[in-house]
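Each remark here refers to the structure printed beneath this line.
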Amino acid sequence: AAAAGPAPAAEGPAAGVVDPPFTDDARTEGEARGLEEAIGGRLLLYVGTIVLVLGAAFFLKYAFDREWVTESMRVVLGGLVGMALVVGGLRLGRAGYQAYGQVLTGGGLAVLYLAIYAAFGFYGLIGSGVAFALLTMVTAGAALLADSQNSQPMAVMAIGGGFLTPFLVGGTTDAQVTLFSYVVLLVLGTLYLARRRAWP
């Protein structure tokens, strides 16, 4: 019996599929598609967000001028909006939109800072002790969110808000022990968070 020789190589298209070379036309088409996606996705998202914020701001300004909303209702509304932004940002982050989620979360934390300061500094609805405790809670929450999401910008916001808190609610009474204890805890927390996440 004759030994079977090697099978003849297949000829024609069945031998294998050769990808076409990446031409300049294909590269130009890919760049155009990327530009279209950027304009249709991110740019429209930014524009829509800005329009929404401006519309809400003008409506609130009109409502405040007409005294439709009392001072306490303004503070509660600010707190609710801040918490809604934080929750929405966390949901966006879990859905895969980390950048957008962190922007919304940071905006919500900023709104919470402003609402608490307005309740204390503008309207006198709460005392300095309550304001200090609330601002400290927001700072701690921001630090925990920064750690869980590995977000250095959010950590910077938390640290800045933490150091700004004594200036926002400071009074004329002597409270050196409380102040320096708070600062020591804040510095230790900052160093721990930076070392844990290897941030500068």
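The values are calculated or read from the model by the stated rules, or taken from the named source; none is laboratory data. Predicted model only: the values in this text are computed from it and were never measured. Here Cβ is always computed from backbone atoms with ideal geometry, including for glycine, and neighbour counts include all displayed protein chains.
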When residues of segment 51-76 are limited to those that are more than 23 Å from Leu135 (Cβ to Cβ) and basic (Lys, Arg), the one modelled with the highest pLDDT
Arg66
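Listed here are the residues, each with its yes/no results for (1) modelled with pLDDT of 85 or more; (2) of a type outside the set (Val, Ile, Thr); (3) within 21 Å of Gly93 (Cα to Cα).
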site: Gly129; (1), (2), (3): no, yes, no
site: Ala133; (1), (2), (3): yes, yes, no
site: Val187; (1), (2), (3): yes, no, no
site: Leu191; (1), (2), (3): yes, yes, no
site: Ala194; (1), (2), (3): yes, yes, no
Of these, Val138, Val103, Val130, Val111, which one is of a type outside the set (Lys, Arg) and touching a Phe, Trp or Tyr at 6+ places or on another chain (Cβ under 7 Å)?
Val138
If we keep only residues of segment 102-138 that are of a type outside the set (A, V, I, L, M, F, W, C) and without any contact (Cβ under 8 Å) to a residue 40 or more places away in the chain, then the residue farthest from Arg197 (Cα to Cα) is Gly124
